[in-house]
Amino acid sequence: MRREITHAAVPPGLLAYVENQPVGWTRVGPRSDFPRVTGNRALARVLIDDPGVWWVTCFAVDSRHRRSGVGSALLEAAVEFARGHGATAVEGHPVDVAGLTAARVGGSAVFTGTVAMFSAAGFTEVARTYPTRPVMRLLL
């Protein structure tokens, strides 16, 4: 990751700060840059080939700042970042927590974001790879 960041023409992610302290991170970039996305058989069945699509892969938010809007702010910043770099759409593969059976969902279970977060940012569901895993897209 360090080599990738050092040599990247476009930064591979964004940081969120609260009072000059980093509290969150999201990874975003052209979908074609993520072999785990392009090589995933379940995703390959539902994704259309579009070189202009960017992908939000994950979110990491300090536990002291969860449920305070950091993830949503990162998603909105990722959309603007992608738009500024010529993306035609942004996609993600969040978790539909309403379909999970656990009474309380931990941060590690939703590291790809939640459907509610993506929906609030204007994304729409375009497919599902699993009952709790939609693909969400925002056309730019």
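What follows is calculated from the coordinates using simple rules that are stated; it is not laboratory data. Model, not experiment: these values are computed from the prediction.
Things to note:
- Scaled against the 2.2 N^0.38 Å expected of a compact globular protein of N residues, the Cα radius of gyration of the stretch 2-139 reads 1.02.
- Candidates V110, V95, V56: whichever shows maximal mean-square fluctuation once the chain is modelled as a Gaussian network with Cα springs under 10 Å: V110
- Available extension along the chain between L15 and A120 is 35.8 nm, counting 0.36 nm per residue and deducting the alpha carbon span.
- Choice from E125, E80, E19 with maximal GNM fluctuation in the chain (Cα, 10 Å cutoff): E19
- In a fully extended conformation the segment linking W25 and T112 would gain 30.2 nm over its present Cα-Cα distance, using 0.36 nm per residue.
- Among G13, G99, G29, residue whose mean-square fluctuation peaks in a GNM of the chain (springs only between Cα atoms under 10 Å): G99
- Per-residue Karplus couplings for the stretch 87-93, computed as 6.51 cos²θ - 1.76 cosθ + 1.60 with θ equal to phi - 60°, are listed in order as 5, 8, 7, 10, 10, x, 10 Hz, Gly and Pro entered as x.
- Once the chain from E4 to E76 is taken as fully extended at 0.36 nm per residue, the excess over their C-alpha distance is 23.6 nm.
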